[in-house]
Amino acid sequence: MLFRNAIADWCAYRERMSGLRMVARSTLENQTAIAVQLAGALGDHDLSDLRKSHIELWMGERLRTCAPITVRGEMNVLRQIINWCVDEQLLAVKPRLPKLSVPTVEAPLPSDEAFLWVLANVPANHATALEFMMLTGVSPHELERIEKRDAGLTDLGGVIGSGIGIGMRPDFPVKQASRRRKVPLNGRAEVLWFEAAGGKAPHQQVFPTVAAMQKAIRRATVLSGIGGTPRRLGPLGAEQITPKLMRKWFASKVSNEQPEHVLQRLMGHAPGSPITRRHYVRSTDDQLAGAVERISA
């Protein structure tokens, strides 16, 4: 059996799991996209002939254009596929997988000035969505699935007051139970919600898609100069901003004022999860300077 055929069978299995609500739709879509890429790169090998060397060469090619953490995520999907092939007795002996280390050095957040510049230079509907993420901590993929009826919704159909229900609808599955939560809104976030949701039907999507927001940011921060040479616009770091950084901005601000367990509930992380600080809480250069400003010997 060719590896591409095994991948197709695995994707069909995951599709059935999603239909039974055992796999979140967003997880399925992400894993399927990775599986298609794996099929294109490794699919021509016979499943029983797949070797560590084949995977190492693929990994090396991916690292030329992708961040290590992205390739590690793809490796995790590859591992799931191979383990499934063993469980289904399609493969007697699984190949060894190469190890990939991901740098743990903290990448600092762009300055608040850079974030504000982006909000001021993208179209109004995108600025509303991006600022809403900064004030609530919802992820980009949660944001694009929020519908007007999610305001005040709970899994029991009750009212949660001023807030948005994430993962409360049957057609809004989440990856894990902790992601199903109430997202409270402060005064400014409520204004943004009414601006975005006003005039929309209950079942209508409130905010733009992640792809549209990313495209708007790129248009605002990169201008083609003479001869098509890209020219960076805005303050330093503005070109690094992505929709996901809005969630990291939120995490970094809340972590300065609140204990970690509060931040984890707001973000939908499991209690005690190391992901919160490892991947979301970041510092800015201004924070580092402020931390030592009043130190005196």
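Give the carbon-plus-sulfur fraction of the accessible surface of the chain in %, rounded to a whole number; probe 1.4 Å, heavy atoms of protein chains only. Carbon and sulfur atoms account for 54 percent of the accessible area of the chain. Taking trypsin sites (Lys or Arg not before Pro) as exposed when their DSSP state is a loop state and no more than 12 other Cβ atoms lie within 10 Å, the longest site-free interval of the chain runs over 100-293. Accessible area of Phe207 (1.4 Å probe, protein heavy atoms only, ligands and nucleic acids ignored): about 10 Å². From the alpha carbon centroid of the range 231-271 to that of the range 77-100 is 35 Å. In terms of accessible area, using a 1.4 Å probe and ignoring ligands and nucleic acids, Asp49, Asp285 rank largest first as Asp285, Asp49.
Solvent-free Debye calculation, one equal scatterer per alpha-carbon of the chain: log10 I(q)/I(0) at 0.09, 0.12, 0.17 Å⁻¹ equals -0.56, -0.96, -1.42. Legend: residues Leu130, Leu223, sorted from most to least accessible area (1.4 Å probe; ligands, DNA and RNA excluded), read Leu223, Leu130.
Only alpha carbons enter this Debye calculation for the range 183-274, each as an equal point scatterer, and the log10 of I(q)/I(0) it gives at q = 0.23, 0.25 Å⁻¹ is -1.20, -1.24. Solvent-accessible area of Ile146, all protein chains in place: 0 Å² (probe radius 1.4 Å, heavy atoms, ligands and nucleic acids excluded). When a/c is below 1.5 the answer is rounded, else prolate if a/b is larger than b/c, else oblate, so apply that to the range 1-82 with a ≥ b ≥ c taken from the square roots of the Cα gyration tensor eigenvalues. Judged from the Cα gyration tensor, the range 1-82 comes out oblate (a/c at least 1.5, b/c at or above a/b).
Per-residue SASA remark: Ser296, around 100 Å² accessible (1.4 Å probe; ligands, DNA and RNA not included). For Arg181, nonlocal amide neighbours, meaning residues 5 or more places apart or on other chains whose placed amide H falls under 5 Å from its own, are Ile166. For the range 1-159, dividing the convex hull volume of the Cα atoms by the residue count gives 171 Å³ per residue.
The values are calculated or read from the model by the stated rules, or taken from the named source; none is laboratory data. Keep in mind the model is a prediction, meaning the values are calculated, not measured. For neighbour counting, all protein chains shown are included, and Cβ atoms are generated from backbone atoms with ideal geometry for every residue, glycine included. When the accessible area is computed, the model is the full protein with side chains, heavy atoms only, and any ligands, DNA or RNA have been set aside. Shrake-Rupley method; radii C 1.70, N 1.55, O 1.52, S 1.80 Å.
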